[in-house]
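The values are calculated or read from the model by the stated rules, or taken from the named source; none is laboratory data. The structure presented is a predicted model; accordingly, all values stated were derived computationally and were not measured. Because the Cβ atoms are built from the backbone with ideal geometry, glycine has one as well, and the counts that use them run over all protein chains shown. The protein model used for the area step is the full one, side chains on, heavy atoms only, and it has no ligands, DNA or RNA in it. Shrake-Rupley method; radii C 1.70, N 1.55, O 1.52, S 1.80 Å.
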Amino acid sequence: MCEFMSEGATSTEGINELTSKEIIEAMSHEDKEALKGWYWYDWANQSYALTVMTVIVPALLASLYNTATGTQGGAGFFAFVYGIAMAIVALTVPAMGVIADRMPIKKNMLYWYTVVGIIFCAAMGAAPYFGSKAHLVLAFMFVVGSIGFSGGNTIYYAFMPYLAPKKCMDHVSSWGYAYGFLGGSILLLAHLIILLVSPWDNNFKFAVIFTTSALWWWGWGALMFIKTPEPPILDEMEYQGFWESTKFAYRGVWKTLTSIRAEFPVLFLFIIAYLLFYDGVNTINGMAAAFGESVLRINPMMTVALILIVNFVAVPMSIVFAKIAENKGTKFSLMISLTIYCLVAIAAVGFAPLELEDDHARYDFQYDWDETTNNYTLSTLYDRGVDGWVSADSVGDAEFRNGFDTWITFEGSAEADAGSFNWVNGFGAILVIGVATMGVGFAMMTIIRKEMGLAGIGIILILSLAVMFGASIFSEDTATSEKSLYVLSGDEATAMVNSFDNVSDHRFAIHFEGGPVDGEAEIGDRHPTILDQGGLFDWWPENMRNYIWAPLGISVSMQWIILGFCVGTVMASAGAQARSMFTVLIPRTRTTEFFGFFGFIGKAAAMVGPFLYAAAATSYDDRTALMTIVVVILVGFYLCAKVDLEKGAKMAEEYDAKIEGK
């Protein structure tokens with residue numbers, strides 16, 4: 001690969017006199033193209049990291065679970081599913097990493113991880129069509145798709161040391177991050193436009209979003225397989241099977257951990273702190289969309305806006321915190337980041353929607369008086385439709401269904417009697433999505449191989465739009481059907497209002513605007529605006545709403561935007577400063593071994609936070625679960641404060657001196 005990687009000492013001295021930019025500019029055309037191919041893969045798979053993993057699936061899975069069960073426990077369910085995915089990755093990736101490091105199959109492994117990720121990413125678009133068991137279908141697809149994404153990322157990162165000299169690693173890593181940031185953000189912005197202005201029903205919008213995410217990953221990711229060659233193997237071994245590779249990998253992890261504990265106690269303390277605070281930070285980031293859906297019932301488009309804000313704020317603020325680290329020290333910068341993050345997370349526990357009062361547009365079921373027909377027409381919050389909110393057969397929504405089934409048609413009831421699993425629609429959607437994805441994908445590959453440049457991108461875009469609008473013909477026009485099904489006369493509306501006092505144990509809100517029952521409303525005891533649900537921390541959002549949010553007129557959407565700015569301020573800097581501290585504390589002579597261990601423990605810890613959140617949410621509620629994660633971060637913060645950076649750095653230097661003196 002990179003021609004500098006195999007040159008001798010004279011060349012090394014020359015490299016040390018050049019900047020990273022100059023070294024890369026001096027690389028051969030083939031090496032530059034190999035590096036660009038690697039960059040483009042980061043651009044490609046951030047479609048999954050941002051759109052799918054961070055924004056859409058958490059909120060959608062929580063919503064589908066809530067609808068299926070008639071509860072607001074979707075965030076806890078997503079945390080459990082997310083934990084399963086991360087656990088499988090943690091258990092399998094070390095063995096895959098060992099195999100990839102010792103055998104010339106990195107590209108093949110990355111290829112198959114990518115194929116799995118793309119297939120299940122596209123297939124997720126069909127999940128909502130499976131009826132009341134859609135949450136289980138989406139959960140399975142998400143677990144498998146996330147294994148493809150996370151496993152592929154591990155192999156992808158293993159290419160980096162072979163693409164440029166070691167001196168350029170910070171430069172290469174930063175540019176890879178920049179490509180990923182731009183690629184993921186551009187696609188996420190396009191998906192925000194789809195959510196805002198497209199004429200399609202919600203299910204079809206999700207199908208389009210998942211399919212375009214898969215195609216984005218496929219098309220841009222293909223450039224790596226075309227441009228970037230297989231890296232050389234420095235320590236090749238014969239393949240002994242997955243189980244032996246797994247044992248070999250975990251023996252290495254245990255050996256490194258034992259060595260760190262015995263020889264580098266300061267580093268060991270920092271690793272424990274890192275496992276706690278960084279897992280907590282990542283858990284909160286991953287759970288944000290699900291928390292917003294289940295606890296705050298926030299507009300899904302606000303979550304898209306949140307992630308875009310976080311990304312755009314993170315870039316300049318990472319530079320600011322780098323300057324703080326340069327002037328005040330790495331540990332000082334990290335502690336400030338964690339302090340801000342803890343304060344923001346505690347404030348987020350206190351986020352609360354303002355009371356509904358006469359804000360007609362915020363009610364789940366909105367009846368509007370039509371002066372022309374003298375009837376009320378029903379609209380639903382976020383245009384989800386009645387069956388997008390109300391469970392067809394669960395005990396949780398039974399009182400609401402039984403109380404209002406005279407006036408509201410629950411179309412899912414007949415489906416529930418038949419078993420609630422709509423196989424026909426579900427597999428039909430998979431077929432349509434599969435044909436569309438393969439058709440556009442293979443056409444895209446033909447265009448990419450012809451190297452048609454901007455003209456090729458234009459053709460792919462036109463083809464994708466044509467397929468989307470063509471497939472939309474098969475989409476059900478739910479808005480039209482709702483208008484014909486959900487109409488009440490004045491007398492029917494009056495009778496419905498008279499029944500309000502008899503129905504209270506539910507999670508919805510109904511409001512009439514205009515006509516004979518103008519201003520009449522029903523708010524269930526389990527609606528998100530009813531903050532006192534018997535939880536340990538319900539007093540906190542109540543006080544925050546009474547003394548801050550309501551007096552200042554700060555809506556829950558604005559609270560969400562504030563969260564985005566605050567998280568963006570410290571998100572990138574926390575990770576960057578943690579890596580810098582780790583670099584200071586490790587001996588130079590064991591850099592590769594320790595960074596491999598650092599990467600493993602990061603993946604292993606990624607499952608702890610979600611499982612902890614799920615357990616706390618199941619036993620108590622989501623606000624308690626979020627506060628539990630804050631406590632984890634605080635413990636990590638405390639341990640990190642006790643890390644003696646100078647002492648740890650001195651231990652690493654003394655070890656290097658002893659090894660190099662032999």
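Structure summary
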| item | result |
| --- | --- |
| Only listed residue being in a helix (DSSP H, G or I), among the small types (Gly, Ala, Ser), touching a Lys or Arg at 6+ places or on another chain (Cβ under 9 Å) and surrounded by 19 or more Cβ atoms within 10 Å (Cβ to Cβ), chosen from Ala289, Ala345, Ala325 | Ala325 |
| Any chance Met1 is modelled with pLDDT under 90 and either within 30 Å of Ala392 (Cα to Cα) or open to solvent by less than 50 Å² (accessible area, probe 1.4 Å) (or both) | no |
| From the options Thr380, Thr330, Thr339, residue that is over 30 Å from Ile459 (Cβ atoms), surrounded by fewer than 19 Cβ atoms within 10 Å (Cβ to Cβ) and not aliphatic (A, V, I, L, M) | Thr339 |
| Residue match in the range 471-490 (condition: farther than 24 Å from Phe400 by Cβ, at pLDDT 85 or above and open to solvent by 80 Å² or more (accessible area, probe 1.4 Å)) | no |
| Residue, nearest to Gly221 (Cα to Cα), within the range 40-53, restricted to residues that are touching a Leu at 6+ places or on another chain (Cβ under 9 Å) and open to solvent by 10 Å² or more (accessible area, probe 1.4 Å) | Trp40 |
| Qualifying positions in the range 104-136 - part of a loop (DSSP other than H, G, I, E, B) and either at pLDDT 95 or above or open to solvent by 40 Å² or more (accessible area, probe 1.4 Å) (or both) | Pro104, Ile105, Lys133 |
| Residue within the range 398-414 that is open to solvent by 20 Å² or more (accessible area, probe 1.4 Å), under 27 Å from the mean Cα position of the chain (by Cα) and more than 26 Å from Met301 (Cβ to Cβ) present | no |
| Output for the range 512-527, where each listed residue is open to solvent by 30 Å² or more (accessible area, probe 1.4 Å), under 35 Å from the mean Cα position of the chain (by Cα) and not basic (Lys, Arg) | Ile523, Asp525 |
| Qualifying positions in the range 448-463 - farther than 17 Å from Met224 by Cβ, touching a residue at least 12 places away in the same chain (Cβ under 8 Å) and out of contact with any Leu (no Cβ under 9 Å at 6 or more places or on another chain) | Ile459, Leu463 |
| Residue check for Phe594: at pLDDT below 75, part of a helix (DSSP H, G or I) and among the hydrophobic types (A, V, I, L, M, F, W, C) | no |
| Residue, most open to solvent (accessible area, probe 1.4 Å), within the range 528-547, restricted to residues that are of a type in the set (A, V, I, L, M) and touching a residue at least 24 places away in the same chain (Cβ under 8 Å) | Leu536 |
| Looking only at the range 375-406, and only at residues there that are small (Gly, Ala, Ser) and assigned to a loop (DSSP other than H, G, I, E, B), the one that is modelled with the lowest pLDDT | Ala392 |
| Among the residues listed as Asp359, Asp364, the single one being surrounded by 21 or more Cβ atoms within 10 Å (Cβ to Cβ) and closer than 30 Å to Leu64 by Cβ | Asp364 |
| Matching residues in the range 576-591 - criterion: being small (Gly, Ala, Ser) and at pLDDT below 75 | Ala576 |
| Meets criteria (in contact (Cβ under 8 Å) with a residue 12 or more places away in the chain, in contact with a helix residue (DSSP H, G or I) (Cβ under 9 Å, 6 or more places away or on another chain) and assigned to a helix (DSSP H, G or I)) for Ala604 | yes |
| Failed item, numbered, when Asn299 is tested on (1) buried (at least 18 other Cβ atoms within 10 Å of the Cβ); (2) within 16 Å of the chain's Cα centre (by Cα) | (2) |
| From the options Ser557, Ser504, residue that is open to solvent by 30 Å² or more (accessible area, probe 1.4 Å), assigned to a helix (DSSP H, G or I), of a type in the set (S, T, N, Q) and under 22 Å from Ser379 (Cα atoms) | Ser557 |
| Qualifying residue in the range 366-381 (condition: among the charged types (D, E, K, R) and under 31 Å from the mean Cα position of the chain (by Cα)) | no |
| Tally of residues being under 15 Å from the mean Cα position of the chain (by Cα) and among the small types (Gly, Ala, Ser) across the range 45-73 | 4 |
| Qualifying residue in the range 407-424 (condition: modelled with pLDDT of 85 or more and part of a loop (DSSP other than H, G, I, E, B)) | yes |
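Conditions tested, residue by residue: (1) free of Cβ contacts under 8 Å to residues at least 12 places away in the same chain; (2) open to solvent by less than 40 Å² (accessible area, probe 1.4 Å).
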position: Ala578; (1), (2): no, yes
position: Gly609; (1), (2): no, yes
position: Thr618; (1), (2): no, no
position: Asp621; (1), (2): no, yes
position: Val631; (1), (2): yes, no
position: Glu654; (1), (2): yes, no
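This table checks each residue for (1) touching a helix residue (DSSP H, G or I) at 6+ places or on another chain (Cβ under 8 Å); (2) modelled with pLDDT of 85 or more; (3) open to solvent by less than 20 Å² (accessible area, probe 1.4 Å); (4) among the acidic types (Asp, Glu).
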{"residue": "Tyr156", "(1), (2), (3), (4)": "yes, no, yes, no"}
{"residue": "Ala190", "(1), (2), (3), (4)": "yes, yes, no, no"}
{"residue": "Ile194", "(1), (2), (3), (4)": "yes, yes, no, no"}
{"residue": "Trp200", "(1), (2), (3), (4)": "yes, yes, no, no"}
{"residue": "Thr212", "(1), (2), (3), (4)": "yes, yes, no, no"}
{"residue": "Trp218", "(1), (2), (3), (4)": "yes, yes, no, no"}
{"residue": "Ala222", "(1), (2), (3), (4)": "yes, yes, yes, no"}
{"residue": "Lys227", "(1), (2), (3), (4)": "yes, yes, no, no"}
{"residue": "Pro232", "(1), (2), (3), (4)": "yes, no, no, no"}
